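What follows is a short report on a single structure.
The values are calculated or read from the model by the stated rules, or taken from the named source; none is laboratory data. Source: prediction; values computed, not measured. Neighbour counts run over all protein chains shown; Cβ positions are idealised from the backbone, glycine included. To get the accessible areas, we keep the full protein, side chains included, count just its heavy atoms, and leave off ligands, DNA and RNA. Shrake-Rupley method; radii C 1.70, N 1.55, O 1.52, S 1.80 Å.
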Amino acid sequence: QAQLLESGGGSVQPGGSLQLSCAASGNIFSVNDMGWYRQGPGKSREMVAGISSGGRTKYGDSVSGRFSISRVNAKNTVYLTMNNLMFEDTALYSCYATLKLDAETPMYTFWGQGTQVTVSS
């Protein structure tokens, strides 16, 4: 099995910055896409950002230009740098990784437990 462990959440004032990280560990053969979703209070879950193993990135419309996603393949770790945070960025941020546990099995998507980001004054 694989586990995803997130860190870096917390409270920040509007206009501030935070960096989230998520490390995949366990019996991992290869990792494909990694990324982040979030769910704010009373809102549906939305895609925040994703990155392929080759470094191709995608962003949700609400965070484009403010958030940046990156990864270190050798560490199976993905990072989300969040700048100019706004009240509406308050949410539980969950990372995902699409990976293979061995050469024979198909790709599966694993999820972390989530880390809370709260933007308040």
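Some points to look at:
- Each other residue within a Cβ distance under 14 Å of ARG38 adds +1 if Lys or Arg and -1 if Asp or Glu, for a net charge of -2.
- Charges were assigned to the Cβ only: +1 to each Lys and Arg, -1 to each Asp and Glu. The resulting dipole of the chain about its Cα centre is roughly 140 debye.
- Nearby lysines by direct alpha-carbon distance to LYS75 (threshold 19 angstrom, same-chain neighbours under 8 apart not counted): LYS100
- Spin-label model distance (nm) - GLU88 vs ALA74, 7 Å beyond Cα toward Cβ: 4.0 nm
- Under the criterion of Cα pairs below 8 Å and six or more residues apart, the relative contact order for the chain equals 37 percent.
- With every protein chain in place, region 34-114: carbon and sulfur % of accessible area (1.4 Å): 48 percent
- Average accessible surface area per residue within the chain, 1.4 Å rolling probe, Å²: 52 Å²
- Label point at ASN27 placed 7 Å out along Cα→Cβ; residues across region 93-112 whose backbone nitrogen lies under 17 Å: 99-110
- Summing +1 for each Lys or Arg and -1 for each Asp or Glu among the other residues whose beta-carbon sits under 15 angstrom from that of ALA23 gives +1.
- Shown here are the Rg and Dmax of the Cα trace of the chain, at 14.2, 51 Å.
- Relative contact order, percent, region 2-67 [alpha-carbon distance under 8 Å, six or more residues apart]: 22 percent
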